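Reviewing the structure listed below.
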Amino acid sequence: MNSTKRTVKLRVRCRSRTPLFRTPLVTALRAAAAGALGLAALALTASPATAEGVRNTEGVMRIAAPAHPVRTGQTVRVSGDGRAGDDAARYLRACVEQRTGARGTWQTVTCGAPVASEAAARVEARVRARRSGTLQLRGVLYGLDAARDPRPDRLGGSPVRTLRVR
């Protein structure tokens with residue numbers, strides 16, 4: 001008898017393969033993206049929130065307010081300063097305005113003292129967050145012809161700073 005052995009190869013699935021999302025390259029890219037996102041979040045929380053001034057033809061205003069959410073009833077400190085061009089006005093006054101929500105009317109919180117146009121106009125305000133939702137703040141720079149001018153001209157403003165109120 002002639003015995004010939006026949007071998008049959010069976011396909012066997014390899015279970016030791018790693019899935020695509022476990023490859024070293026993808027894992028490294030995920031870790032890098034997570035690290036970059038973490039650094040960006042850390043940088044935003046570490047720096048004070050400053051709304052840099054919008055340059056108009058005649059004036060620049062900027063305000064600084066906290067970047068973190070505030071509680072209802074909490075008082076928030078807002079400071080601002082502004083400068084104007086040489087021929088804008090004889091006197092300058094910086095003011096802080098607020099509104100609740102995105103569609104309310106702007107209300108003046110407080111204004112700084114009028115200063116000569118060569119100096120920077122400054123304002124310090126304390127704003128109380130009365131309702132939950134959003135509180136919007138902005139700085140406004142006014143030009144005056146006299147120190148007690150009843151009708152000042154708006155020279156410039158700052159971007160709107162939005163605070164979340166819990």
For the range 68-163, the percent of accessible surface on carbon and sulfur atoms (probe 1.4 angstrom, ligands and nucleic acids excluded) is 41
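Within 10 Å, count the other beta carbons around each residue, average over each peptide in 123-129, 73-79, 95-101, and list them highest first. Mind dumping the intermediate values first?
Details: 123-129: 17.9, 73-79: 14.6, 95-101: 19.4.
Top of the packing list down: 95-101, 123-129, 73-79.
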Residue span ALA147 to GLN74: 0.36 nm per residue of separation minus Cα-Cα distance leaves a gain in nm of 22.9 nm
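The values are calculated or read from the model by the stated rules, or taken from the named source; none is laboratory data. What you are looking at is a predicted structure, and each value in this text was computed from that prediction instead of being measured. No Cβ is skipped: glycine too gets one built from the backbone with ideal geometry, and neighbour counts run over all protein chains shown. When the accessible area is computed, the model is the full protein with side chains, heavy atoms only, and any ligands, DNA or RNA have been set aside. Shrake-Rupley method; radii C 1.70, N 1.55, O 1.52, S 1.80 Å.
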